[in-house]
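The values are calculated or read from the model by the stated rules, or taken from the named source; none is laboratory data. It should be emphasised that the depicted structure is a prediction, and the values quoted were computed from it without experimental measurement. Cβ atoms come from the backbone with ideal geometry, glycine included; neighbour counts cover every protein chain shown.
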Amino acid sequence: MTAPRYRWQPTTAEIAERYGLDESDVIRFDHNTSPFSTDWAPALIAPMARRLNEYPGALYSEIREAAAGYLGVDSEMVVPGAGIDEIIGLVANAFLGRGQRATAVTPTYPMYQIASLQRQAEFVSVSYEPDFVFPAGAFGEAAQTSDVTWLCVPNNPTGDRVPDDIVASIIEQARGIVVIDAAYAEFAGDVWARWVERYDNLIVAHTMSKAFGLAGIRVGYSISAPKIADRLDSVRPPGSISSISAELASVALGEPQRMQRRIMRLAKEKSRMSAALTQLGIQPRPSETNFLLCDVGPQSGDIAGQLLTKGLVVRHFPDDHPLVNFLRFTVRAPHENDRLIDALWRQLS
Ligand SMILES: Cc1ncc(COP(=O)(O)O)c(C=O)c1O
């Protein structure tokens, strides 16, 4: 099977041009990114911008130390990459190839399937049970014969979090590596350090793109037993993170209180937005993340299309996707969410 391609949404500039809008009127409810400005960054970047003639240090020790300090693990357990997307690629390169098998649930983040198939591995997809019940039995069984088991906790796009006892049982049953994609971990209050110390077949992937609000810098990292980290490092390109990105990531990881305060603000806003969507008759699914998933019915594509003409970019799903009737909304700043609620109110009433 050839690997499907990851389909990027149109850029903000493209959407603005298409609908005759100002770029500042376009709001991204589709990427699960942060609404908070990075106005603290230019002062840090300015001195570095005069030294861009040299390569960054290929080890990225500053990211390793900062991530290790943030999570309370040894820096030998950390491997940096250009976002979780690159970490997913490193795992596939290190542990998958022709004749090997990878497993993930459906629906989940599509890069697991793409990276597995790019490596010509067999890809097993285990569907969620009705009513968003995690398929613990079937998934655990598939993990028993898989070289890589991909698990997104909390899961994108469903927003739910598989309970700890099921996570543990999957790791214990798995024949090979288990990857926990912890892109949304901070929103759920998850801390995986102890798990990595307990299980030597576990890789946990973290990102600066979501709770830390730095999607543009493209930095992520994995934590795992040092032996596995060494294996990932052996397939890691030496310079995929720019020196500016490495610096910004290290600084942000060193100030987790700033991120925690923002999570609290977003949690409040998520409750407010959730109540407003419920009043519109589209009650969101329970969510442990910074996004809300709503069943809006068969008109989902039309609703998303109408919103887009106003610069409100929401996530909708293709016709063959199990969530075709759903829309996913990132929780953003209050005035941005108000624009979305107002537009939805006009369309749905
Ligand atoms: C579950 C999940 N993993 C990984 C990513 C990509 O993360 P990064 O920006 O670190 O590559 C996303 C982005 O939406 C995601 O939802």
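Identify the residue in region 79-134 that is more than 16 Å from the ligand (Cβ to nearest atom) and among the aromatic types (Phe, Trp, Tyr) and, among all such residues, is modelled with the lowest pLDDT.
Residue satisfying both the conditions and the ranking: Phe132.
Hey, Gln120 hits all of (1) out of contact with any Gly (no Cβ under 8 Å at 6 or more places or on another chain); (2) over 30 Å from Glu62 (Cβ atoms); (3) surrounded by fewer than 17 Cβ atoms within 10 Å (Cβ to Cβ) but one; which does it fall short on?
So Gln120 meets the others, but not (1).
In region 35-46, is there at least one residue being within 30 Å of Pro322 (Cα to Cα) and within 16 Å of the ligand (Cβ to nearest atom)?
In the first step, residues of region 35-46 are kept if they are within 30 Å of Pro322 (Cα to Cα); the result is 35.
Next, only the ones that are within 16 Å of the ligand (Cβ to nearest atom) stay: 35.
Looking through region 35-46, at least one residue is within 30 Å of Pro322 (Cα to Cα) and within 16 Å of the ligand (Cβ to nearest atom).
Residues in region 15-33: is at least one within 16 Å of the ligand (Cβ to nearest atom), out of contact with any strand residue (DSSP E or B) (no Cβ under 8 Å at 6 or more places or on another chain) and under 22 Å from Phe187 (Cβ atoms)? It would help to see each step written out before you state the result.
To start, the set of residues in region 15-33 that are within 16 Å of the ligand (Cβ to nearest atom) comprises 28-33.
Still in the list and also out of contact with any strand residue (DSSP E or B) (no Cβ under 8 Å at 6 or more places or on another chain): none.
No, region 15-33 has no match at all.
Per-residue answers, yes or no, for (1) in a helix (DSSP H, G or I); (2) in the same structural domain as Pro154 (by TED's automatic domain parsing):
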{"residue": "Pro238", "(1), (2)": "no, yes"}
{"residue": "Ala246", "(1), (2)": "yes, yes"}
{"residue": "Glu269", "(1), (2)": "yes, no"}
{"residue": "Ser274", "(1), (2)": "yes, no"}
{"residue": "Leu277", "(1), (2)": "yes, no"}
{"residue": "Pro284", "(1), (2)": "no, no"}
{"residue": "Gly305", "(1), (2)": "yes, no"}
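Among the residues of region 141-160, which ones are part of a helix (DSSP H, G or I) and surrounded by 19 or more Cβ atoms within 10 Å (Cβ to Cβ)?
Keep residues of region 141-160 that are part of a helix (DSSP H, G or I), which gives 141-143.
Scanning region 141-160 gives Ala142, Ala143.
Quick one: which residue in Gln306, Gln299, Gln283 is within 24 Å of Ala13 (Cβ to Cβ), surrounded by fewer than 18 Cβ atoms within 10 Å (Cβ to Cβ) and more than 22 Å from the chain's Cα centre (by Cα)?
Working: Gln299 fails: within 24 Å of Ala13 (Cβ to Cβ); Gln283 fails: within 24 Å of Ala13 (Cβ to Cβ).
The unique qualifying residue is Gln306.
Please go through region 161-197 and give me each residue that is of a type in the set (Lys, Arg) and crowded, with 22+ Cβ neighbours inside 10 Å, ordered by number. Working first, answer last.
First, the residues of region 161-197 that are of a type in the set (Lys, Arg): 161, 175, 194.
Residue satisfying the conditions is Arg161 alone.
Please list, ordered by residue number, the helices (runs of 4 or more DSSP H) wholly in region 1-91 having 2 or more residues that are in contact with a helix residue (DSSP H, G or I) (Cβ under 7 Å, 6 or more places away or on another chain) and within 24 Å of Ile203 (Cβ to Cβ).
Working: elements: 12-18, 41-48, 61-71.
Because the criterion is at least 2 residues that are in contact with a helix residue (DSSP H, G or I) (Cβ under 7 Å, 6 or more places away or on another chain) and within 24 Å of Ile203 (Cβ to Cβ), the helices (runs of 4 or more DSSP H) in region 1-91 that meet it are 61-71.
Please note which helices (runs of 4 or more DSSP H) are completely contained in region 161-211 and include at least 3 residues that are without any contact (Cβ under 8 Å) to a residue 12 or more places away in the chain and under 11 Å from the mean Cα position of the chain (by Cα). Please lay out each step first, then the result.
Values: elements: 164-173, 185-188, 193-198.
Result: empty, no element qualifies.
How many residues are touching a helix residue (DSSP H, G or I) at 6+ places or on another chain (Cβ under 6 Å), within 26 Å of Tyr6 (Cα to Cα) and not aliphatic (A, V, I, L, M) if we restrict to region 117-146? Even if it seems obvious, please write down each step before you answer.
Looking only at region 117-146, we keep the residues that are touching a helix residue (DSSP H, G or I) at 6+ places or on another chain (Cβ under 6 Å), and these are 119, 123-124, 126, 136, 140, 143-144.
Okay, now just the ones that are also within 26 Å of Tyr6 (Cα to Cα), so 119, 123-124, 126, 143.
With not aliphatic (A, V, I, L, M) added as a condition, the list becomes 119, 123.
Residues in region 117-146 being touching a helix residue (DSSP H, G or I) at 6+ places or on another chain (Cβ under 6 Å), within 26 Å of Tyr6 (Cα to Cα) and not aliphatic (A, V, I, L, M): 2 in total.
If you take the residues in region 218-244 that are of a type in the set (Lys, Arg) and within 16 Å of the ligand (Cβ to nearest atom), which one is surrounded by the fewest Cβ atoms within 10 Å (Cβ to Cβ)?
As a first pass, look at region 218-244 and keep what is of a type in the set (Lys, Arg): 218, 227, 231, 236.
Narrowing further to those that are within 16 Å of the ligand (Cβ to nearest atom): 218, 236.
Details: Arg218: 20, Arg236: 23.
Among them, the one singled out is Arg218.
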